[in-house]
Amino acid sequence: MYSETLLDHFRNARRVGALDPPAVTVEVENPVCGDIMTVSALFEDGVIRDVKFRVRGCTASIAAGAALAEILVGRTGPGVGLISADDVERALDGLPNESKHAARLAADAVKALAKRLH
């Protein structure tokens, strides 16, 4: 059902936790399934130097948060808003239809983070 890449992100989630200010922290929720994702990003000189995430939700949402955290590191402020649900899904080597909400949740976190940067 899930790719080995997705299962690795779930089982061995890296970058779990939260960052203290001056990191920017956002929280988004999927009102349909109730999954919640929190993402903290630390910017230095316009570049994301560190990212942490937390997810209360399903396997796919946890994996999507872990993949997103890795995607974000090294991005510049303007590059953050360019990350899409498709990018997260590709980073997980695909998602079954019933789990695509996880990539959308990660994309919502990206949008919220991009808004806070401007």
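All of the numbers you see were taken from the coordinates with simple rules; none came from a lab. If you're wondering where the values come from, they're calculated on a predicted model, not measured in any experiment. Backbone-built Cβ (ideal geometry, glycine too); neighbour counts: all protein chains shown.
See the values below:
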| item | result |
| --- | --- |
| Mean separation of Cα contacts under 8 Å, 6 or more apart, over the residue count of region 4-117: relative contact order % | 29 |
| Spin-label pair Ala18/Lys115, simplified geometry with 7 Å Cα→Cβ offset, distance in nm | 2.0 |
| Cβ-based net charge around Thr38, under 14 Å, with every Lys or Arg adding one and every Asp or Glu removing one | 0 |
| Helical contribution to [θ] at 222 nm, DSSP H n ≥ 4, -39,500 (n - 2.57), averaged over the chain, rounded to 500 | -13000 deg cm²/dmol |
| Cα shape, region 1-71, gyration tensor, a/c 1.5 rule | oblate |
| Most mobile listed residue (Val39, Val88, Val16) in the chain, GNM with C-alpha springs under 10 Å | Val16 |
| Exposure proxy order (Cβ contacts within 10 Å, fewest to most) of Phe43, Phe10 | Phe43, Phe10 |
| Ascending count of other beta-carbon atoms within 10 Å, so fewest first, for Met1, Met37 | Met1, Met37 |
| Environment charge of Ser3, counting only residues whose C-beta is closer than 11 Å and scoring Lys/Arg +1, Asp/Glu -1 | -3 |
| Cα gyration tensor, region 4-117 - rounded (a/c under 1.5), prolate or oblate | prolate |
| Proximal charge balance of Leu95 [Cβ under 11 Å; K/R count +1, D/E count -1] | -1 |
